[in-house]
Amino acid sequence: MDLLRIEKNVIDLCAEVGNFIRNESFHFDRSRIEQKDTFSNLVSYVDKESERKLVSSLKKILPGAGILGEEGTDTKSENEYLWIIDPLDGTTNFLHGVPIFAISVALMRNDKPVLGVVYEVSHKECFHAIESGKAYCNEKEIRVSAISSLEESLLATGFPYYHTEKKDQYLDIIKTFLEKTHGIRRLGSAAIDLAYVACGRLEGFFEYDLKAWDVAGGAFILQQAGGKVTDFKGADNFLYGGELCASGNIHKEMLGIIQEKWFREG
Ligand code: IPD
Ligand code: CA
Ligand code: CA
């Protein structure tokens, strides 16, 4: 298994599909927005076409690997490998002309990540890492921020579409972080949030109700850049468990606040 060769192929593929997404963004017609299950869960032909292009090439890059994609791809693995892909992370931004969106690709071997690529389309920034290697933004090695106090930190989060029964607890977490940090950003792409923690632009990121395709690529890149990713309990179930807390060097402080608010009664 030549992971370096596979990584190179995936980077080239993301650049090519990224060109398609960028070109569509220049003349996107909002009448082509489609609703999935609710008025705020949106999609368009761009997400679907991007997934089609990724799937068709990934099948050639690693024959027999399964593929799980946000827009409906669910191909069983014939070996120990599984791709987890989000063909366009930041769909709502894309549809509204806000230029913050990415392609996210992860390769799992026996449920453990071995490759991650997050391609930020507008700036052509490709964040990537492979097993036993460092993390990079294009050719430059990246590391998480060395900042270890909340007071000097910039965080990111997202606002979930569902499970609003936890919204009071969530807003409490946000309120506390607002009082204790440099601020909180809502970029609108979990993949980019994670990549930005990986390269030290942000010190931390937290969100709930995320899916595996939102986080698989970015979480692995962040880990290879020296960061930490857990669920809200501080355990490993962030890929399929929905809750995610990611940071460079402020994990204990972030989790302390999240746990106090999130797990309280009522
Ligand atoms: C969304 C983005 C967003 C996050 C949502 C995700 P999509 O993915 O990652 O930042 O807050 O929970 O669903 O729908 O743009 O692929
Ligand atoms: Ca997504
Ligand atoms: Ca998506």
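Every read-out reported here was derived from the displayed coordinates using simple, explicitly stated rules and does not represent laboratory data. Quick caveat, the model's predicted, so the values are computed rather than measured. Don't worry about glycine lacking a Cβ; one is built from the backbone with ideal geometry, like all the others, and counts go over all protein chains shown.
Taking each residue as 0.36 nm, the span from GLU151 to HIS182 lengthens on full extension beyond its C-alpha to C-alpha distance by 10.5 nm. Picking from ALA146, ALA195, ALA102, which is most flexible by a Gaussian network model of the chain using Cα springs under 10 Å? Sorting by GNM fluctuation, first place goes to ALA146.
Loop-located chymotrypsin sites (Phe, Trp or Tyr not before Pro) in region 192-266 (DSSP state other than H, G, I, E, B) with a sparse environment of at most 16 neighbouring Cβ atoms within 10 Å: TYR240, PHE263.
Along region 116-123 the Karplus relation, 6.51 cos²θ - 1.76 cosθ + 1.60 evaluated at θ = phi - 60°, assigns HN-Hα couplings of x, 9, 10, 9, 7, 5, 5, 9 Hz to successive residues, with x for each Gly and Pro.
Taking only Cα atoms and a 10 Å spring cutoff, compute GNM fluctuations for the chain and point out the largest among THR92, THR157, THR176. Highest fluctuation of the listed residues: THR176.
Based on DSSP H segments of at least four residues, each scored -39500 (n - 2.57), the chain has a per-residue ellipticity at 222 nm of -11500 deg cm²/dmol. Rounded to the nearest 20, the Cβ-based charge dipole of the chain about its Cα centre (Lys and Arg +1, Asp and Glu -1) stands at 320 debye. Cβ crowding within 10 Å, taken as a proxy for footprinting-reagent exposure, orders CYS14, CYS245 from fewest neighbours to most as CYS245, CYS14. For GLU125, the residues whose modelled amide H falls within less than 5 Å of its own, excluding neighbours fewer than 5 places apart on the same chain, are GLU120. Taken as Cα centroids, region 227-259 and region 72-135 sit 20 Å apart, rounded to the nearest whole angstrom. Which loop chymotrypsin sites (Phe, Trp or Tyr not before Pro) in region 1-81, with loop taken from DSSP, have no more than 13 other Cβ atoms within 10 angstrom of their Cβ? Answer in residue order: PHE39.
Considering only alpha-carbon pairs that sit under 8 angstrom and 6 or more positions apart, the relative contact order computed for the chain is 17 percent.
Using alpha carbons only, how many degrees (0 to 90, rounded to 10) separate the axis of helix 45-61 from the longest principal axis of the chain? The angle comes out at about 70 degrees. Using a Gaussian network model of the chain in which every pair of alpha carbons under 10 angstrom is joined by a spring, one finds that among ILE147, ILE85, ILE67 the greatest mean-square fluctuation is at ILE147. Across the cross-link table entries LYS112/LYS252; LYS76/LYS233; LYS53/LYS76; LYS59/LYS124; LYS53/LYS124, which are compared at the Cα atoms, the separations over 20 Å belong to LYS112/LYS252; LYS76/LYS233; LYS59/LYS124.
Rounded to the nearest 0.05, the FRET efficiency derived from the C-beta distance between ASP74 and VAL98 at R0 = 25 Å is 0.25. Mind sorting MET108, MET254, MET1 by how few other Cβ atoms lie within 10 Å of their own Cβ, fewest first? Lowest to highest Cβ neighbour count: MET1, MET108, MET254. Among SER189, SER153, the order by Cβ neighbours within 10 angstrom, fewest to most, reads SER153, SER189.
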